[in-house]
Amino acid sequence: MITAPVASAAGSGASDEAWPPGNCPQDNVCVWAHWAFPEPAPVETPSVATDREWSGDAPGLTYYNHTSRDADLKYYHVWPDGSKSTYTLCVPHKSGNIFYLPVNVTAVTWHDGSC
């Protein structure tokens, strides 16, 4: 399984977590279509907000796992030539970040064990 790197970012004092959850409800995994604006956390309606395993096709650029379990995000990116690359990313509980490129998230599943 191939995983894509993610950018690093730090949040403000709004949370004791490294990356603030924004408007992601407690016990949910959230994905937003855009960068967190205004910084440091997203306030737009998430394209995905789920407290259980999920599948679909939703735009993503920012994500947060606001649960007590680690989660896998399956997603793809369509390159300028039309080819598609699919990735899986393990997101530790109480953490989030951004994708380097705009992606579409297709599944949220619980990770077996720790990331």
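Here segment 49-105 is the region considered, the condition is being among the hydroxyl-bearing types (Ser, Thr, Tyr), in a loop (DSSP other than H, G, I, E, B) and closer than 12 Å to Val29 by Cα, and the residue that is most open to solvent (accessible area, probe 1.4 Å) is Ser68.
If you go through segment 90-106 one residue at a time, do you hit one that is at pLDDT 95 or above and out of contact with any strand residue (DSSP E or B) (no Cβ under 8 Å at 6 or more places or on another chain)? No. Screening Trp35 against (1) open to solvent by less than 40 Å² (accessible area, probe 1.4 Å); (2) in contact (Cβ under 8 Å) with a residue 60 or more places away in the chain leaves a single unmet condition, (1).
The values are calculated or read from the model by the stated rules, or taken from the named source; none is laboratory data. Bear in mind that the values here come from a model prediction, so they are computed numbers and not experimental data. Every residue, glycine among them, receives a Cβ derived from its backbone with ideal geometry; neighbour counts consider all protein chains shown. Just so you know, the surface numbers come from the protein's heavy atoms only, side chains and all, with ligands and any DNA or RNA stripped out. Shrake-Rupley method; radii C 1.70, N 1.55, O 1.52, S 1.80 Å.
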